[in-house]
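Input: a single structure, listed below in structure tokens.
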Amino acid sequence: MLYWHIFLAFFIPGIVGYGGGPSSIPLIQIEVVNRYGWLTNDQFGELLALGNALPGPIATKMAGYIGYEVGGWFGSFMALFATVAPTLLAMILLLGLLYKFKDSPKVKKMTGLIRPTIAVLLGVLAYEFFFSSWEDSGTLQTIFIGGASLLLMEQWKVHPAFVILGALVYGAIFLS
């Protein structure tokens with residue numbers, strides 16, 4: 001039954017997580033933190049930060065790690081398969097339809113209307129992580145790290161992986 005739960009925890013976000021990794025991350029969080037309790041919010045946030053710093057798709061990295069932690073090697077396989085299965089099935093079954101109607105104004109409008117929902121999901125996730133760090137690290141640390149991260153990424157165009165690495169080093173030196 002555990003492997004079925006692992007499969008569902010990653011298959012469902014894969015089906016409804018339109019747009020790939022960023023849109024499916026909040027859905028994965030709901031499954032693994034809220035529904036099954038395999039990780040805490042803090043653990044999920046740390047995994048997300050580490051997964052963003054590594055190359056490759058975020059959802060598959062998270063699925064592989066969480067699946068392994070919960071169910072060993074077979075759990076990792078199940079989580080990875082469940083993550084890519086919806087895309088694989090959609091590509092095989094719907095590729096012909098996609099090419100046939102790709103220039104349709106209705107299809108373009110429909111996909112455009114999905115974006116606000118994804119933005120809200122990501123906003124809720126960011127809100128939860130922000131206030132979780134506020135409680136765990138304190139006001140000054142959260143403001144400093146948040147402000148420094150914003151400046152580094154937006155003003156000086158530093159890659160997010162280096163910003164995450166810098167925050168990890170800062171936390172190891174000043175918060176331990």
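The values are calculated or read from the model by the stated rules, or taken from the named source; none is laboratory data. These numbers come from a predicted model, not from an experiment. We place every Cβ from the backbone using ideal geometry, glycine too, and count neighbours over all the protein chains shown. Surface areas here come from the heavy atoms of the whole protein model, side chains and all, with no ligands, DNA or RNA. Shrake-Rupley method; radii C 1.70, N 1.55, O 1.52, S 1.80 Å.
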Does region 10-29 hold any residues that are over 11 Å from the mean Cα position of the chain (by Cα), modelled with pLDDT of 90 or more and open to solvent by 20 Å² or more (accessible area, probe 1.4 Å), and which are they?
11, 12
Which pairs have Cβ atoms under 8 Å, sit 6 or more apart or on different chains, and link a residue in region 34-54 that is more than 21 Å from residue 166 (Cα to Cα) and assigned to a helix (DSSP H, G or I) to one that is at pLDDT 90 or above and polar (S, T, N, Q)?
41/29
Go through the residues of region 136-158 one by one and say whether even a single one is modelled with pLDDT under 90 and closer than 24 Å to residue 24 by Cα.
no
Could you check region 84-96 and list, in sequence order, the residues that are modelled with pLDDT of 80 or more and more than 19 Å from residue 11 (Cβ to Cβ)?
none
Please go through region 157-176 and pick out each residue that is part of a loop (DSSP other than H, G, I, E, B) and either basic (Lys, Arg) or under 20 Å from the mean Cα position of the chain (by Cα) (or both).
157, 159
